[in-house]
1. Looking at GLY121, is it assigned to a loop (DSSP other than H, G, I, E, B), outside the structural domain of GLY12 (by TED's automatic domain parsing) and either modelled with pLDDT under 90 or not basic (Lys, Arg) (or both)?
2. Restricting attention to region 13-29, does a residue exist that is within 24 Å of LEU187 (Cα to Cα) and in a strand (DSSP E or B)?
3. Check ALA16 against each of (1) under 23 Å from ILE277 (Cα atoms); (2) of a type in the set (Gly, Ala, Ser); (3) touching a residue at least 40 places away in the same chain (Cβ under 8 Å) and name the one condition it does not meet.
4. What is the residue count in region 199-227 for residues that are touching a Ser or Thr at 6+ places or on another chain (Cβ under 8 Å), modelled with pLDDT of 95 or more and either assigned to a loop (DSSP other than H, G, I, E, B) or among the polar types (S, T, N, Q) (or both)?
5. For region 64-89, which residues satisfy the criterion of being at pLDDT 95 or above, closer than 19 Å to ALA212 by Cβ and out of contact with any helix residue (DSSP H, G or I) (no Cβ under 9 Å at 6 or more places or on another chain)?
6. Go through region 175-198 residue by residue and tally those that are farther than 13 Å from THR68 by Cβ and outside any helix (DSSP H, G or I).
7. Can you go through ILE157, ILE188, ILE111 and tell me which one is at pLDDT 90 or above, surrounded by 17 or more Cβ atoms within 10 Å (Cβ to Cβ) and closer than 18 Å to THR37 by Cα?
8. Please pick out the residue among GLU224, GLU182 that is exposed (fewer than 14 other Cβ atoms within 10 Å of the Cβ), among the charged types (D, E, K, R) and either outside the structural domain of SER41 (by TED's automatic domain parsing) or touching a residue at least 24 places away in the same chain (Cβ under 8 Å) (or both).
Amino acid sequence: MKIDLHIHSRTGSDGALAIEDVLREAAKRNITLMSVTDHDSVDGQERAIALAQEFGIAYVTGVELNVTFPLSEDASVSLDFLGYGYDIGNTELRGKLRLMAEHREERARRILDNLNAEFAGEGIERLTEDDMQRIRDSVDGTFGRPHIADYLVGKGIVRDRQEAFDRYLVRCDVPKYPLSLEEASGLIRGAGGVLVLAHPNDPNGTSLAKTAPDLKRQTGIIRERMLEYVDGVECWHSRHSPATVKHYVDFARKQGLIATGGSDCHQKPIIMGTLDIPAWVAGQFEAMSGRRV
């Protein structure tokens, strides 16, 4: 049995493949249970459900929401949460995602203004409204910094996406939409779904790792500050070590939480279905997928 509950598409956010190609690749890789979890977008879900049925794959609706989580009165951290099994027609969820998409557009404009300030000091030609439109035209799903990074690569300003972030996009960043954990939980649960903390110990991503490198400290934060709002935790992830997986599976069982897992595949390279996620994980999602896995 192959399970992957964390996959991105070009249709909804920053994956390389359109939703149709993601499902075809999943079928080719004999994935049994899957979820496409695009950033702040449910645009590809209806098509994913239909294709999963066509290919005989059990499917759970998914989305990845970015949350601003306060660590203290003066400090906060950006964390990602996965929503599963929600009603794709829920008006409150869709309304909030539209608002967040509008904020992303304004954020992108402000990032370009910040980039132009940097470019002025380096003698690089400024980005214009035409550039903004070209970047927008390249976006199939949710507008984000990776699309700006790819445009800078195309213009020859940087060699690759990583250099774009290292030289410019980290320094020129603008805050994301300030979604709270309480609000994210209310949106997903209100739409009939469950909320799961994503990749809590990812050393290179949006996670608790940089704030709390110690695993016990991480689960302490979850236990003390999040249990009221979350239903599960992502234990298996492409950048989780075996020690991390074991720690979080034990924690999930002790706290009565759902244990999930996924590659976080953006198709660069294609790594969907490559994690060894045990079959019992599927049992937690049988009701949501509408079939026995």
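1. Working: assigned to a loop (DSSP other than H, G, I, E, B): no; outside the structural domain of GLY12 (by TED's automatic domain parsing): yes; either modelled with pLDDT under 90 or not basic (Lys, Arg) (or both): yes.
Judged against the criteria, GLY121 is not a match.
2. No - not one qualifying residue is present in region 13-29.
3. (1)
4. Qualifying residue count, region 199-227: 3.
5. The answer is ASP80, and nothing else.
6. Within region 175-198, the first condition is being farther than 13 Å from THR68 by Cβ, and the residues that meet it are 185-198.
With the extra rule that they be outside any helix (DSSP H, G or I), the set shrinks to 191-198.
Selection size over region 175-198: 8.
7. Step by step, each of ILE157, ILE188, ILE111 is checked, and only ILE188 is at pLDDT 90 or above, surrounded by 17 or more Cβ atoms within 10 Å (Cβ to Cβ) and closer than 18 Å to THR37 by Cα.
8. GLU182
The values are calculated or read from the model by the stated rules, or taken from the named source; none is laboratory data. None of these values were measured; they are calculated from a predicted model. With ideal geometry, Cβ positions are generated from the backbone for all residues, glycine too; neighbour counts draw on all protein chains shown.
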